[in-house]
1. Just give me the residues in the stretch 16-56 being out of contact with any helix residue (DSSP H, G or I) (no Cβ under 8 Å at 6 or more places or on another chain), in contact (Cβ under 8 Å) with a residue 40 or more places away in the chain and not hydrophobic (A, V, I, L, M, F, W, C), in sequence order.
2. Among the residues in the stretch 95-102, are any touching a residue at least 40 places away in the same chain (Cβ under 8 Å), farther than 21 Å from Ala22 by Cβ and either under 15 Å from the mean Cα position of the chain (by Cα) or surrounded by 17 or more Cβ atoms within 10 Å (Cβ to Cβ) (or both)?
3. Could you figure out which of (1) within 14 Å of the chain's Cα centre (by Cα); (2) part of a helix (DSSP H, G or I) isn't true of Lys108?
4. If you go through the stretch 18-33, how many residues are surrounded by fewer than 17 Cβ atoms within 10 Å (Cβ to Cβ) and either of a type in the set (A, V, I, L, M) or more than 17 Å from Ala82 (Cα to Cα) (or both)?
5. I need a count of the residues in the stretch 139-152 that are part of a loop (DSSP other than H, G, I, E, B) and under 16 Å from the mean Cα position of the chain (by Cα).
6. Restricting the first residue to the stretch 143-155 and requiring it to be closer than 15 Å to Ile130 by Cβ and touching a residue at least 40 places away in the same chain (Cβ under 8 Å), which pairs with a second residue that is among the aromatic types (Phe, Trp, Tyr) and surrounded by 13 or more Cβ atoms within 10 Å (Cβ to Cβ) meet a Cβ separation below 6 Å and a spacing of at least six or different chains?
7. Please determine whether any residue of the stretch 138-160 is among the acidic types (Asp, Glu), loosely packed, with under 15 Cβ neighbours inside 10 Å and closer than 27 Å to Met201 by Cα.
8. Go through the stretch 1-58 and count every residue that is in a helix (DSSP H, G or I) and over 22 Å from Leu139 (Cβ atoms).
Amino acid sequence: MKKTISNVVDFPHDGQAIRFIACFVSMLMRAEGITDTRMHPMLYDLYTAVTGFGFLQAAASIEDNQASNVMLREFDWYIGFAMDYAGYEFEELCFPQDKKDLALSKIKSSVDKDLPMLAVFSGKYHWQLITGYDDEGTLYGLDGSQGFWGKPEPAPAGYDENGLFVMPDWYEKGGHIFVLGEKKAPAVTMRDVFTRGARIMKYMKPARRRKRLKDFLG
């Protein structure tokens, strides 16, 4: 048996470049029951500020997804900050640290609740959205390959008849999956967003930026 979540708004739209934000917005829209695709670009713009990617890129002019994610993660835990603004509890699954059966049971439970999950594999910040599973433990989902992003790294085993990626060896690839939990009162305000944004831009002053880019690029 194969089970997938329907009515998940695909991505990217209108030149969206930051994979995390596009995936996060599609996950959030499904959780909130929003199916109007016109909302995706608007929420993408909002979470460009909320996550801090917009402030980081304004200060550092970094277009590379991998470098942006690494440098923003060095600053703080931007995923938790975005979840606090959206008003959701969440759980991070780390594999192979977490046992496969336990991780798979939580993935299945999320799909059964119609909640997609953010995922990265093999240390690459090519964010994807898990939207399904089957009895063999294969995962299915969206990775932006139908748009202008192309296939992520690592590439999936293939794509099904609906354009969903097919990944039977997800556990062996290693990575992280973020599962939405209960709705909660938002713990971050727009004032907090801009206060943090100012700190990000100060943190990314030219001298510091050059050192970090040099360290990242080797």
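1. If the condition is that a residue be out of contact with any helix residue (DSSP H, G or I) (no Cβ under 8 Å at 6 or more places or on another chain), in contact (Cβ under 8 Å) with a residue 40 or more places away in the chain and not hydrophobic (A, V, I, L, M, F, W, C), then Arg30 is the only one that fits.
2. Yes, there is a match, as at least one residue in the stretch 95-102 is touching a residue at least 40 places away in the same chain (Cβ under 8 Å), farther than 21 Å from Ala22 by Cβ and either under 15 Å from the mean Cα position of the chain (by Cα) or surrounded by 17 or more Cβ atoms within 10 Å (Cβ to Cβ) (or both).
3. Every condition holds for Lys108 apart from (1).
4. 2
5. Total meeting the criteria: 6.
6. Partner pairs satisfying both residue conditions: Gly144/Phe11.
7. Looking for residues that are among the acidic types (Asp, Glu), loosely packed, with under 15 Cβ neighbours inside 10 Å and closer than 27 Å to Met201 by Cα, one finds none in the stretch 138-160, hence no.
8. Looking only at that region, the number is 20.
No lab work stands behind these numbers, since they all come straight from the coordinates. This structure is a prediction, so every number in the text was calculated from the model and none was measured. Because the Cβ atoms are built from the backbone with ideal geometry, glycine has one as well, and the counts that use them run over all protein chains shown.
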